[in-house]
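This report refers to the structure that appears directly beneath it.
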Amino acid sequence: MSSTPLSSLHLAVALDGTGWHPASWREPEARPRELFTAGYWADLVAEAERGLLDLVTIEDGLGPQSSHFLDPDERTDQVRGRLDAVLIASRVAPLTRHIGLVPTVVSTHTEPFHISKAIATLDYVSAGRAGLRVQITARPNEAAHFGRRTIPRIEAYDHPDTREVVADLFDEAADYVEVVRRLWDSWEDDAEIRDAATGRFIDRDKLHYIDFEGRHFSVRGPSITPRPPQGQPIVSALAHQTVPYRLVSRQADIGYVTPHDAEQARAIVAEIRAEQETAGRAGEPLHVFGDVVVFLDDDQAAAEDRRARLDALAGEPYTSDARIFAGTPDQLADVLQELHTAGLTGFRLRPAVAGHDLPAITRGLVPELQRRGAFRRAYEADTLRGLLGLARPANRYAAA
Amino acid sequence: MTKPLKQIHLAAHFPGVNNTTVWSDPKAGSHIEFSSFVHFARTAERAKFDFLFLAEGLRLREQGGQIYDLDVVGRPDTFTVLAALAAVTEHLGLTGTINSTFNEPYEVARQFASLDHLSGGRTAWNVVTSWDAFTGENFRRGGFLPQEERYSRAKEFLATANELFDSWHGDEILADQESGSFLRDAKAGAFVHTGQHFDIHGQFNVPRSPQGRPVIFQAGDSEEGREFAASEADAIFSRHATLEAGQAFFTDVKKRLAKYGRHHDQLLILPAATFTLADTDAEAEELAKEVRRQQVSGATALKHLEFVWNRDLSSYDPDGPLPDIDPDVGDSHISQGRAQVRMYRDPLATAREWRELAAANNWSIRDLVIETGNRQNFIGSAETIARTINEFVQADASDGFILVPHLTPTGLDEFADKVVPLLQERGVFRTEYEGPTLRDHLGLAHPDDVRDQRAAS
């Protein structure tokens with residue numbers, strides 16, 4: 001599918017506060033008091049770029065973090081509060097040169113028009129390194145922050161009684177991405193003509209109304225921001241089951257999935273590829289990255305001890321939707337290569353402690369993968385699409 | 001005793017999508033590429049300006065049912081550009097125009113609080129309202145807001161955003177690694193707002209930012225707009241940049257402050273101002289004339305006359321006399337997505353007045369549009385411009401100016417190099433930034449201190 005050789009895999013890191021373990025902020029490397037400063041984020045992204053990673057994603061949410069599935073938990077022993085992910089990405093863009101910047105955007109309560117121009121602008125300020133990770137929310141408290149709709153309470157995302165609610169939120173997300181993408185194409189690349197002879201700044205025949213009408217919103221267009229450098233910035237989504245796999249298959253460039261072993265990986269990849277065919281995108285490149293939570297140390301015992309110590313601080317064992325790995329870079333490289341063989345094209349690693357496990361990825365895992373010929377030794381492209389082996393797409397509105 | 005000299009505030013408006021911006025000049029660069037914003041912002045910071053200002057539009061303008069193509073078209077997203085500019089500047093304030101009609105308070109408050117954190121306290125919000133269903137076609141809400149509710153929504157929007165900014169007090173984050181307490185209070189950020197436009201509750205998820213709240217700008221000029229500014233705003237982005245009109249506006253708005261328990265210096269008046277700078281006054285006059293003709297082509301002149309006439313005037317000769325027919329005063333307007341057209345509240349009277357002006361001066365359509373709309377506020381040598389700006393500020397026509405250059409991105413360079421040093425020599429403009437935040441530059445107190453003062457008095 002992608003032009004990258006089969007032996008080479010893609011690597012992303014998912015940034016979330018001080019790390020994915022709820023007690024991560026208590027580690028000596030965590031810098032919890034700096035979480036709300038630009039310098040903290042700039043350092044993390046610089047570290048990821050040092051490791052030649054394809055991209056970082058930045059988590060976000062429209063309410064306080066919570067250990068509960070749906071409701072706030074009123075805990076004071078974990079990190080609460082976060083900055084807007086798109087703005088963090090934009091703040092670090094001028095300080096980096098190669099790495100992709102993929103903030104989370106919540107489709108359920110925000111405006112596709114605003115997000116389309118925000119990500120297009122992130123693509124301009126980063127010279128072609130922008131993407132987004134689209135997320136839905138079924139949390140009633142987040143709906144109450146906006147006061148525009150109520151969302152029926154659900155038991156779990158895969159509970160049979162809630163299928164309709166969840167499907168509706170994902171359908172809305174699909175519409176949202178459709179609008180965002182149409183707006184990115186609503187200016188043809190050569191629409192700005194600056195023709196002094198006729199006094200026309202643009203050729204308005206090369207600007208397009210998108211005229212999207214959906215159940216949750218209608219958007220006329222065109223965008224106020226010209227087509228971004230990549231044409232279409234990267235769209236990605238985390239998916240755990242058939243409904244979101246369908247979103248990934250229809251609309252995304254990267255799906256993040258959570259297999260716990262190679263067999264599950266094969267099954268998920270098969271399902272996504274089948275959906276992709278159904279969606280009429282069979283020939284198009286679509287990455288499927290495996291998410292893995294990582295505790296990385298030079299020897300396995302140290303990694304396991306650290307995990308145990310953090311669990312003790314948290315007062316409960318850490319659980320995750322994704323596979324949790326504790327061990328050495330060498331062992332992780334084995335795991336990733338096995339999953340890669342099962343059809344995953346890359347990985348989004350979730351550092352348990354950002355200040356510890358991110359440098360362990362860039363300075364331990366990456367050299368090991370390079371030694372095995374499984375990861376790049378230098379950035380070989382100027383844009384995120386380029387790093388991912390994706391061509392700059394034709395504009396859907398341009399006359400052939 | 002003589003009055004102490006007022007310190008002048010200066011800001012840089014990134015050239016926008018009005019015909020003020022001359023794109024046809026060979027020196028005109030991109031209005032989209034980030035490098036243009038970097039050049040412009042660094043010039044403003046080199047000159048110790050208070051802040052950079054970005055306007056916003058949420059739908060491309062149309063005239064006669066077609067996208068308007070004679071001016072610069074398109075712009076990047078306000079928040080995203082400002083966040084990136086925070087990385088390439090250290091002191092410069094970052095002011096963004098953000099609409100209160102097609103946004104929600106929770107999201108906008110998050111964005112401004114985040115931007116304030118990410119810039120170390122340099123953010124300002126120019127609160128504007130939208131006027132038309134035309135823009136609404138790009139948003140979930142559609143075109144829903146009756147004209148008379150624009151300000152009531154804007155006021156409630158800002159009040160709600162302030163409740164969100166104030167829902168964190170600044171002492172909640174302990175991050176005590178030893179004891180394991182990250183937050184002092186599990187209810188940090190709790191809020192409830194029940195009103196006509198917003199009925200929301202929950203927890204705000206961005207801790208208190210360095211400035212507490214962004215600096216608030218207001219740009220409306222109506223009676224309602226002036227009251228809104230007097231009660232809520234830290235600064236007004238006004239359009240009254242002449243001496244007499246400026247003084248009248250300044251007096252009118254500042255006298256409204258007392259009613260809200262506010263002091264004279266808690267609201268700054270900062271008009272938008274254009275300028276043409278050259279080595280001598282005579283050369284500047286020549287250059288200014290040339291720039292005005294670049295700004296108003298024949299085609300542009302006809303389109304601008306349509307703002308008043310509200311009819312297709314494409315068959316008229318821009319170098320000929322004004323139309324004999326009267327404006328169409330129907331409800332619908334030929335121009336969409338433009339605040340400007342609302343300035344002409346009585347088009348028949350304006351048309352009459354303009355015909356008389358044109359006849360008396362022997363002006364063509366193009367001459368009239370140039371003379372009524374595009375004369376630069378400050379024209380002259382650096383010495384003349386510095387003297388005039390200072391005179392205006394000392395005479396309370398304003399507290400400073402938001403300069404709108406006609407060229408992207410170099411339109412501010414000469415002003416920075418030549419005019420600013422003269423203002424500094426006069427002792428009316430800073431030679432170094434005195435504090436890290438935009439409130440420091442503007443001489444505005446931190447909201448916590450204002451609250452303490454009000455509580456103590």
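The residues neighbouring B:ALA395, those whose beta-carbon lies less than 11 Å from its own, together hold a net charge of -1 under the Lys/Arg +1, Asp/Glu -1 convention. Within 10 Å of the Cβ of each residue in A:215-228, the mean number of Cβ atoms contributed by other protein chains is 5. Summary value for the range A:1-142: 24 percent relative contact order, contacts being C-alpha pairs under 8 angstrom separated by 6+ residues. The lysines within cross-link reach of A:LYS117, meaning a Cα-to-Cα straight distance under 20 Å and a gap of 8 or more places when in the same chain, are A:LYS206.
The mean sequence distance of close C-alpha pairs (under 8 Å, at least 6 residues apart), as a share of the length of chain A, puts its relative contact order at 23 percent. Here the sum of -39500 (n - 2.57) over DSSP H runs of 4 or more residues, divided by the residues of chain A, equals -10500 deg cm²/dmol at 222 nm, to the nearest 500. Per residue of peptide A:139-148, the mean number of Cβ atoms on other chains within 10 Å of the residue Cβ is 6. Taking label positions 7 Å along the Cα-Cβ direction at both A:GLU155 and B:ARG256, the computed distance is 5.8 nm, reported to one decimal. Computed on chain B, with alpha-carbon pairs under 8 angstrom and 6+ residues apart, the relative contact order is 23 percent.
About its Cα centre, chain B has a charge dipole of approximately 480 debye under the convention of +1 per Lys or Arg Cβ and -1 per Asp or Glu Cβ, with nothing else charged. Descending by average beta-carbon neighbour count within 10 Å, the peptides B:349-357, B:116-124, B:326-334 line up as B:116-124, B:349-357, B:326-334, the highest first. Taking a ≥ b ≥ c as the square roots of the Cα gyration tensor eigenvalues, with a/c under 1.5 meaning rounded and otherwise prolate when a/b beats b/c, else oblate, which class fits the range B:170-215? Oblate shape, in that a/c is at least 1.5 and b/c is the bigger or equal ratio. For the peptides B:189-198, B:64-73, A:10-19, B:151-160, the ranking by mean Cβ contacts within 10 Å, running from highest to lowest, is A:10-19, B:151-160, B:64-73, B:189-198. Could you work out how far the C-alpha centroid of the range A:15-40 sits from that of the range B:29-63, in angstrom? The range A:15-40 and the range B:29-63 have Cα centres spaced 34 Å from each other. Mean silhouette area of the range A:201-339, derived from the convex hull of its C-alpha atoms and averaged over all directions, reads 13.4 nm². In order along the range B:133-143, the Karplus-derived 3J(HN,Hα) couplings, from 6.51 cos²θ - 1.76 cosθ + 1.60 at θ = phi - 60°, round to 5, 4, 5, x, 5, 9, 10, 3, 6, x, x Hz, and Gly and Pro are given as x.
Note on chain A: Rg/Rh from C-alpha atoms, Kirkwood Rh, equals 0.96. Return the Rg/Rh ratio of the protein assembly as shown with Cα-based radii and a Kirkwood Rh. Rg/Rh for the protein assembly as shown comes to 0.98. Put one equal scatterer on each alpha carbon of chain B, apply the Debye formula with no solvent term, and list log10 I(q)/I(0) at q = 0.11, 0.12 1/Å to two decimals. Once normalised to I(0) and log-transformed, intensities are -0.94, -1.11.
Centre-to-centre separation between the Cα atoms of the range A:271-289 and those of the range A:300-322: 36 Å. Quotient of the Cα radius of gyration of the range B:348-457 and 2.2 N^0.38 Å, N being its number of residues: 1.57.
Per residue of peptide B:181-189, the mean number of Cβ atoms on other chains within 10 Å of the residue Cβ is 5.
Once divided by 2.2 N^0.38 Å, the Cα radius of gyration of the range B:297-373 becomes 1.00. For the range B:401-445, the normalised intensity computed at q = 0.17, 0.24, 0.30 Å⁻¹ comes to -0.64, -0.99, -1.04 (log10 of I(q)/I(0), Debye sum over alpha carbons, equal scatterers, no solvent).
Legend: distances between Cα atoms for B:LYS155/B:LYS255; B:LYS48/B:LYS289; B:LYS6/B:LYS254; B:LYS6/B:LYS48; pairs beyond 26 Å are B:LYS48/B:LYS289. Look at where the Cα atoms of the range B:229-287 and of the range A:148-199 average out, and the two centres are 42 Å apart. For chain B, the longest principal axis of the C-alpha atoms and the axis of helix B:382-394 are separated by about 60°.
Amide H contacts of B:GLY93: B:PHE51, B:LEU52, each under 5 Å away and 5 or more positions distant or on a separate chain (H built 1.01 Å from N in the peptide plane; Pro and chain starts excluded). Treating the angle as unsigned and between 0 and 90°, give the value, to the nearest 10°, between the Cα long axis of helix A:329-341 and the longest Cα principal axis of chain A. Value to nearest ten degrees: 50. Over all distinct Cα-Cα pairs of the range B:210-256, the Kirkwood formula returns a hydrodynamic radius of 11.2 Å. For A:ARG350, the residues whose modelled amide H falls within less than 5 Å of its own, excluding neighbours fewer than 5 places apart on the same chain, are A:ALA14, A:VAL292, A:VAL293, A:VAL294. Rounded to the nearest 500, the helix-only mean residue ellipticity at 222 nm of chain B stands at -11000 deg cm²/dmol, with each DSSP H run of n ≥ 4 adding -39,500 (n - 2.57). Antiparallel beta bridges, as assigned by DSSP with both residues in the protein assembly as shown, represent about 20 percent of the total such bridges.
A short reminder: the numbers here are calculations on the coordinates, not readings from a lab. This one's a predicted model, so the numbers in the text were calculated from it and none came from an experiment. Please note: Cβ atoms are built from the backbone with ideal geometry, for glycine as well, and neighbour counts cover all protein chains shown.
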